[in-house]
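Below you'll find the structure, written out as structure tokens, and then a few comments.
The values are calculated or read from the model by the stated rules, or taken from the named source; none is laboratory data. Keep in mind that what you see is a predicted model, and the values were worked out from it rather than measured. Here the Cβ positions follow ideal geometry from the backbone for every residue, glycine too, while neighbour counts run over all protein chains shown. When the accessible area is computed, the model is the full protein with side chains, heavy atoms only, and any ligands, DNA or RNA have been set aside. Shrake-Rupley method; radii C 1.70, N 1.55, O 1.52, S 1.80 Å.
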Amino acid sequence: KYMGYLPRLVGAFPNRAVFWMSQDYAKQTFGSTSYLHIGAFASSFQTVIDTPFENLKMRSIMCAPFACTWSELYCGFIPNLHRNFVFTTSVYFFTNKGDGYIGTRPEERFVSAGVGGVFGSLLSQPLDYIKTLRQTNTPIFFKEVFINPYHRRNYMNGFLVRACVSFL
């Protein structure tokens, strides 16, 4: 039985609302082709909202007690921020590159966003793995993901689900 659904459901609306509003604001402020600036700006705001809900989800899945302290709420913030930056920038690039290069028909934008989501999921999956380990109080560093045989076998777990969800 999956136990982490309630924090994700509660956090989904504020997370998406803050993400889309900050992305639109960044697009107006930095210009539509400033992909890295837009990705950094939107993912920063998204991560501030997303990290506590991610931690609540993990604690719920593990049936672990949770103390509402800043260190518990924002455990894994840095890998989560980097993961969100890579993913956000990839999706934004694929859906907006060239402002006119991608068609305006809904099906073209859907496919572009999906391809960007799959690409972003592939690139950010090691960071998601590190974030999850940090949230479960497992100390790990980025290079260990690729050096340690156990982590090399497991760091792509969840990629397919994240890639499929990116189409939504």
Q.
Based on this model, can you work out whether Ile61 counts as part of a helix (DSSP H, G or I) and buried (at least 19 other Cβ atoms within 10 Å of the Cβ)?
A. no
Q: Answer yes or no: is there a residue in the stretch 41-56 that is in a loop (DSSP other than H, G, I, E, B) and under 13 Å from the mean Cα position of the chain (by Cα).
A: no
Q: May I ask you to verify whether Ser32 is outside any helix (DSSP H, G or I), within 22 Å of Lys97 (Cβ to Cβ) and either modelled with pLDDT under 90 or open to solvent by less than 80 Å² (accessible area, probe 1.4 Å) (or both)?
A: yes
Q. Restricting attention to the stretch 1-29, which residues are open to solvent by less than 20 Å² (accessible area, probe 1.4 Å) and not in a helix (DSSP H, G or I)?
A. Gly4
**Q.** The lone exception for Glu108 - which of (1) buried (at least 19 other Cβ atoms within 10 Å of the Cβ); (2) over 12 Å from the mean Cα position of the chain (by Cα); (3) in a helix (DSSP H, G or I) it fails
**A.** (1)
(Q) Quick check on the stretch 64-76. Is at least one of its residues surrounded by fewer than 19 Cβ atoms within 10 Å (Cβ to Cβ), part of a helix (DSSP H, G or I) and free of Cβ contacts under 8 Å to residues at least 12 places away in the same chain? (A) yes
**Q.** Those residues of the stretch 134-155 which are exposed (fewer than 10 other Cβ atoms within 10 Å of the Cβ) and either among the charged types (D, E, K, R) or outside any helix (DSSP H, G or I) (or both), in sequence order
**A.** Thr138, Pro139, Phe141, Lys143, Arg153
Q. Do we have Tyr92 as open to solvent by 50 Å² or more (accessible area, probe 1.4 Å), assigned to a helix (DSSP H, G or I), in contact (Cβ under 8 Å) with a residue 12 or more places away in the chain and not small (Gly, Ala, Ser) here?
A. no
